[in-house]
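Reading through the structure tokens given below for one structure.
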Amino acid sequence: MKRNMLRVLIPAMLLLSVQVIAGDAEKGKALSGTCTACHGADGNSVNPIWPSLAGQHEDYLVRQLQLFKSGARENALMAPMSANLSEQDMADLAAYFASQPLTMKAADPALVELGKSIYQGGNQDRAIPACMSCHGPTGQGNPVSGYPVLANQHAAYTALQLRAYKAGRVLENKDDVNGQVMAGVAQYMTEEEIDAVSSYIQGLKGSQ
């Protein structure tokens, strides 16, 4: 368990903040028109398979746009959307979405017990660390280490990402350190645990 935790935490300590350009939220709002179809006008997606961006850390959003643009993170929809964005555009969009309040959601009551168990305590027998060790007890993440806000994210989207990590596809991307960490964690999770922890995350509130 200790070795697995070190595998999770050490890469994060080596990460540097990627946003060196100050973003302008007003300019980001003007640029966000092409984002609204999937992510909502204010960054709150109405389709649960697309992530909400509202309230996310600016540096994290910039980094993901950089990965999409470079092709290091593959996505058929995001590749063309990010292709013509400058570094300033990315910073402005990130500043806008980070400034928007995230819509509160709820967890499935039937999945809370298992989801809470995994999120708060992991599973030592299968080397699954607690999610909150990196993402915090209320899912607010850690912008310095590059860990995103998870609280109130759509359960369907989170589950899709965990299953992608479980499949190991991100291990081919050497630029995505945190993705490699998550792939190493998700490979030990059962389908039931993925659904439960995703639902629990959807219901997390910053005040818990």
* To do: Set the Förster radius R0 to 22 Å, insert the Cβ-Cβ distance between R163 and A37 as r into 1/(1 + (r/R0)^6), and round the FRET efficiency to 0.05.
  => 0.35
* **the chain: angle of helix 155-167 to the longest principal axis, Cα-based, in degrees nearest 10** => 70 degrees
* Considering the convex hull of the alpha carbon atoms of segment 19-98, report its projected area averaged over all viewing directions, in nm², one decimal. => 4.6 nm²
* Asked: If you place +1 on the Cβ of every Lys and Arg, -1 on the Cβ of every Asp and Glu, and leave all else neutral, what size is the dipole of segment 70-208 about its Cα centre, to the nearest 20 Debye?
  -> 180 debye
* **Helix 191-202 axis, angle to the chain major axis (alpha carbon atoms, nearest 10°)** => 50 degrees
* To do: Specify the angular offset, from 0 to 90 degrees and rounded to the nearest 10, of the alpha carbon long axis of helix 58-70 from the longest principal axis of the alpha carbons in the chain.
  => 80 degrees
* Cα point-scatterer Debye curve for the chain, base-10 log of I(q)/I(0) at q = 0.09, 0.13 Å⁻¹ -> -0.32, -0.70
* **Number of Lys pairs (Cα under 20 Å; 8 or more positions apart or on different chains) in segment 104-208** => 5
* Asked: Relative contact order, percent, of segment 62-208 when contacts are C-alpha pairs under 8 Å separated by at least 6 residues?
  -> 28 percent
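Read-outs: derived from the displayed coordinates by stated rules, not from any lab. The structure presented is a predicted model; accordingly, all values stated were derived computationally and were not measured. No Cβ is skipped: glycine too gets one built from the backbone with ideal geometry, and neighbour counts run over all protein chains shown.
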